[in-house]
Amino acid sequence: MAKAQAKLRTTAALLALAIGAAATAPAAAKVEVIYSTYVAQGSSSNLQYEAYLDELSRRTQGEIKVKDKMFMAALMKAGEHLTGIGKGLADVGYFCTGYTPALLPLTSMAELPFITEKGDAVSAALAELYDSYAPLRKEYQKQNVEVLAFDAPSATILGVNKAVTSPAQLKGLKVRAYGDLGKIVGKTAGMIPVPMATTDIYTGMQTGAIDGYIGVPLWMPGPENWLQHTKTLIAPGIGTYYTCGLAMNLDVFKRLPQSAKDEIAKMRREFPAKSIDFVLKGDAATVKKAQELKVGFYRFTAAEVEAWKKASDYDALKADWIKSRQARTDANVAEFLKVYEETLAKHLPRSTYEQKFP
């Protein structure tokens, strides 16, 4: 009996010691991150993600906090962001698929031209598939990153340093256009594509190295100061043609408590509707500034859009996209494109985006 009582007293003492230690133990360490982007601080793509990170910090009760911010490629060049985040050069950062299409073959299929101009539907579809279509998430995990959000792209615009009132006047112009988009504008309009990052467009326009730019959203020329060298902004009806987002180093993500990971998953689904508000405001700001600078506007007619699509040999273009991307992944690209288009169709009726020209 005495032995049993002694054992009970010992157990009680150990339990009291454990409770006391738990009560005095320091709180779990907060995760402080460095954020990097290659765009201007005032651009829509940055403003929306600074707002995202502020909201993430609030919704995780400060578990995630930004300790430093880098803008205008101060830390990494545009094409280095995805891999740089994976390597830990930044903890969180902005990436665009067009700079590293070989690393994101499935995601890049959402950039197929002439699909849609409704960017909020595009990002909503990608956010849904990131959670439900395992091969899509896997291609980011291969780069050691976790996607926090996909932003809503606005329809691609073309800006040139001459007055334009018809597609025929674009022939021979040198335009910044990377990857497949360069092939498209060369084939459809006789323009000369010049590969370069967006950070080099201003200098390129200023020096005459290029006559214009394509593969960018309407909100971008304003804060990037390209409008002072632009004579006409054109809506060619190609589609969104870019997929960008916010990524976190996967090792950093794994250190987060489950409650923070769950909050990130919720915010990823919510973000497209919030992103499009920034896009609309950014579009309007660029249009206003362009009008002040007497920049002209031209929107392709439906017939002109169809003529470009036909000139691109669209069926062959689509088949080539599938073939080229299939060589870069074990996933079934044709199957993904079908699933993506079905998912996109589901989100299109809920789209609130419209690219507005004067």
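Structure summary
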| item | result |
| --- | --- |
| Helices (runs of 4 or more DSSP H) completely within region 151-263 that count 3 or more residues being in contact with a strand residue (DSSP E or B) (Cβ under 7 Å, 6 or more places away or on another chain), buried (at least 17 other Cβ atoms within 10 Å of the Cβ) and modelled with pLDDT under 95 | 179-189 |
| Region 330-352 residues that are closer than 16 Å to E111 by Cβ, paired with ones that are open to solvent by 50 Å² or more (accessible area, probe 1.4 Å) and not hydroxyl-bearing (S, T, Y) (beta carbon under 6 Å, 6 or more apart) | V333/Q326 |
| Any chance Q143 is outside any strand (DSSP E or B) and closer than 30 Å to E270 by Cβ | yes |
| Some residue of region 35-47 being modelled with pLDDT of 95 or more, β-branched (V, I, T), surrounded by 10 or more Cβ atoms within 10 Å (Cβ to Cβ) and outside any strand (DSSP E or B) | yes |
| Selected residue (criterion: nearest to I85 (Cα to Cα)) from residues of region 59-74 that are open to solvent by 70 Å² or more (accessible area, probe 1.4 Å) and part of a loop (DSSP other than H, G, I, E, B) | A74 |
| E117 outside any helix (DSSP H, G or I), farther than 29 Å from A302 by Cβ, touching a Phe, Trp or Tyr at 6+ places or on another chain (Cβ under 8 Å) and acidic (D, E) | no |
| Residue check, D151 touching a Phe, Trp or Tyr at 6+ places or on another chain (Cβ under 6 Å) and charged (D, E, K, R) | no |
| All positions within region 75-95 that are modelled with pLDDT under 95 and touching a strand residue (DSSP E or B) at 6+ places or on another chain (Cβ under 8 Å) | A78 |
| Among (1) assigned to a helix (DSSP H, G or I); (2) in contact (Cβ under 8 Å) with a residue 12 or more places away in the chain, the one test that R137 misses | (2) |
| Some residue of region 122-135 being crowded, with 18+ Cβ neighbours inside 10 Å, touching a strand residue (DSSP E or B) at 6+ places or on another chain (Cβ under 7 Å) and among the β-branched types (V, I, T) | no |
| Residues being in contact (Cβ under 8 Å) with a residue 40 or more places away in the chain and open to solvent by 30 Å² or more (accessible area, probe 1.4 Å) - total across region 272-287 | 7 |
| Residue that is touching a residue at least 12 places away in the same chain (Cβ under 8 Å) and out of contact with any Gly (no Cβ under 8 Å at 6 or more places or on another chain), where the choices are F300, F357 | F357 |
| Search result, residues across region 114-144 that are in contact with a Gly (Cβ under 6 Å, 6 or more places away or on another chain) and closer than 17 Å to R328 by Cβ | Q143 |
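Condition check ((1) closer than 28 Å to W226 by Cβ; (2) not hydrophobic (A, V, I, L, M, F, W, C)) across all residues:
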| site | (1), (2) |
| --- | --- |
| S36 | yes, yes |
| S44 | yes, yes |
| R59 | no, yes |
| M76 | yes, no |
| G79 | yes, yes |
| L82 | yes, no |
| A90 | yes, no |
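The values are calculated or read from the model by the stated rules, or taken from the named source; none is laboratory data. Note that the coordinates shown come from a computational prediction; the quantities given were computed from them, not determined experimentally. Note: ideal-geometry Cβ built from the backbone for every residue, glycine included; neighbour counts use all protein chains shown. Keep in mind that these areas ignore ligands, DNA and RNA; they rest on the heavy atoms of the full protein, side chains included. Shrake-Rupley method; radii C 1.70, N 1.55, O 1.52, S 1.80 Å.
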